[in-house]
1. Criterion first (without any contact (Cβ under 8 Å) to a residue 60 or more places away in the chain and under 23 Å from VAL317 (Cα atoms)) does SER361 satisfy it?
2. Sort out which residues of the range 262-283 are over 17 Å from PHE396 (Cβ atoms), open to solvent by 10 Å² or more (accessible area, probe 1.4 Å) and in contact with a helix residue (DSSP H, G or I) (Cβ under 9 Å, 6 or more places away or on another chain), and write them in order of number.
3. Quick one: which residue in GLY311, GLY315, GLY287 is buried (at least 21 other Cβ atoms within 10 Å of the Cβ) and either of a type in the set (Phe, Trp, Tyr) or in a loop (DSSP other than H, G, I, E, B) (or both)?
4. All but one of (1) more than 30 Å from ARG433 (Cβ to Cβ); (2) touching a residue at least 24 places away in the same chain (Cβ under 8 Å) hold for ALA386; state the number of the condition that does not hold.
5. Considering only the range 338-442, give the helices (runs of 4 or more DSSP H) lying wholly within it that have at least 1 residues that are open to solvent by less than 40 Å² (accessible area, probe 1.4 Å) and at pLDDT 90 or above.
6. Would you pick out the residues in the range 185-203 that are open to solvent by less than 70 Å² (accessible area, probe 1.4 Å) and modelled with pLDDT of 90 or more?
Amino acid sequence: MGWYRRGKLALDRFHSLASRVVPQNPIFQHSSRIWQSGYLDSGSKGARFSGLSLCCSISQRLGAQGVVGVNGNFHNPFLLGANRFYYVDPCNVRHFKPRGPRHWFQNSRHIFVAVMVGWVLITVFFGNLETVPYTKRTHLILLSKAMERRLGESQFEQIKADFEGKILPPIHPESVRVTMIANEIIDALLRRLMKEQGWNDFGYASEHAMPVEGDGRETLSALVGSEEKVEGSCHKENKILDGKWVRLSRKNGQERGSLIATSHLVGLDWEILVVNKPDLNAFCLPGGKIVVFTGLFDHFKSDAEIATIIGHEVGHVVARHNAEGITKNLWFAILQLILYLLFIPDIVNIISSLFLHLPFSRRMEVEADYIGLLLIASAGYDPRVAPKVYEKLGKFAGDSTFGDYFSTHPSGTQRAKLLAQAKIMEEAFSIYRDGSLIQQTK
């Protein structure tokens, strides 16, 4: 029985030590046990408590054994910084708050915030949708027209400062030539804006224009020399950019009754600069600022070729590609930030470039090609020249097999094929022919 005495002596010493460290609560001074009935026998006569009362007492005891702060208040060290995850019932018992998406909408405040955020997003989205002239493609633009115009004017002033001393004067023959070509394209664009309804569904030709019979094969035969070249298949990646894409966008716009966005083209202060540099380049900034480098004149001699390039650049302004690019880059940046949490940043950058930025840029270039083709046709320039111009550009730029995947612009050959399709070229040549007939009758 020695082991029993030693064990009891050790247990008594432990109880004695515990009584000195932990202050005794009068309710728990006597040993107690839970009976099967769920009641507590405190050891004193008639002193019985239900399970709920026991929980209340435990909670009070835990609260009494907190840490005393500098101001004399008691704080439970186990609950510091976590009060938001608890709630206290009438018996002063702390319970975990339910968490997770199932309980999130049980809070009326959460529902209100979700509804307001959704309403704002829907309002911003549908309130900033615009329809591109000519193609009637719908796109989202978050940049205001005034801000876009100011950005273009600011960049134009910076270009003037950068090329100071190399800008040809307005009376220079090359400046006069480019200005006359650009003015004809701008006049054709303004005629389009002033017509409420015109030929077909665009309004960029004469009101007396008649539809062209046939399928336009004679026009394409004169352009490429054989029907087999016309019917050549397009690159798989750019199938969405062919005539079907244009017709589908136009059809969807008509079904929705979309009004084309032209307010950004009204009241523009068009300016043309010719920079004396051998660069094979030209561009048009938002706000109607056209810049042409003299390097183009070494490779493109005719006015129709120069008009094709200027018409393409004006097409970017007509479709507001700069503003759309800024909007798309915002969404791309948000998506990249999310992907950074899952993948290595280098991999994310490569993927976003190959599958987001570059395809978007190539699509905008093809759309500008199409708009420019219709602009030069309505300005009186033969649209059959345009595919040849892009083939030349491809040769000068050094088209490669992978150019349609790793470049901001489609290959020159691909751009020429897209413009030489039967429906597109027939449409442009009809505009050109009708405009020529009108000039002959005047």
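1. Values: without any contact (Cβ under 8 Å) to a residue 60 or more places away in the chain: yes; under 23 Å from VAL317 (Cα atoms): yes.
Here the answer is yes, as SER361 does meet what is asked.
2. Going through the range 262-283, the residues over 17 Å from PHE396 (Cβ atoms) turn out to be 262-276.
Imposing the further condition that a residue be open to solvent by 10 Å² or more (accessible area, probe 1.4 Å) reduces the set to 262-264, 266-273, 276.
Scanning the range 262-283 gives THR262, SER263, HIS264, VAL266, LEU268, ASP269, TRP270, GLU271, ILE272, LEU273, ASN276.
3. Working: GLY311 fails: either of a type in the set (Phe, Trp, Tyr) or in a loop (DSSP other than H, G, I, E, B) (or both); GLY315 fails: either of a type in the set (Phe, Trp, Tyr) or in a loop (DSSP other than H, G, I, E, B) (or both).
Step by step, each of GLY311, GLY315, GLY287 is checked, and only GLY287 is buried (at least 21 other Cβ atoms within 10 Å of the Cβ) and either of a type in the set (Phe, Trp, Tyr) or in a loop (DSSP other than H, G, I, E, B) (or both).
4. ALA386 satisfies every listed condition except (1).
5. Numbers: elements: 345-352, 358-378, 386-397, 403-406, 412-419, 422-441.
It comes to 345-352, 358-378, 386-397, 412-419, 422-441.
6. Filtering the range 185-203 down to residues open to solvent by less than 70 Å² (accessible area, probe 1.4 Å) leaves 185-186, 188-190, 192-193, 195, 198-199, 201-203.
Hits for the range 185-203 are ILE185, ILE186, ALA188, LEU189.
The values are calculated or read from the model by the stated rules, or taken from the named source; none is laboratory data. If you're wondering where the values come from, they're calculated on a predicted model, not measured in any experiment. Heads up, the Cβs are rebuilt from the backbone with ideal geometry, glycines too, and the neighbour counts pull from every protein chain shown. Each accessible area value is taken on the protein alone, full model and side chains, heavy atoms only, with ligands, DNA and RNA left out. Shrake-Rupley method; radii C 1.70, N 1.55, O 1.52, S 1.80 Å.
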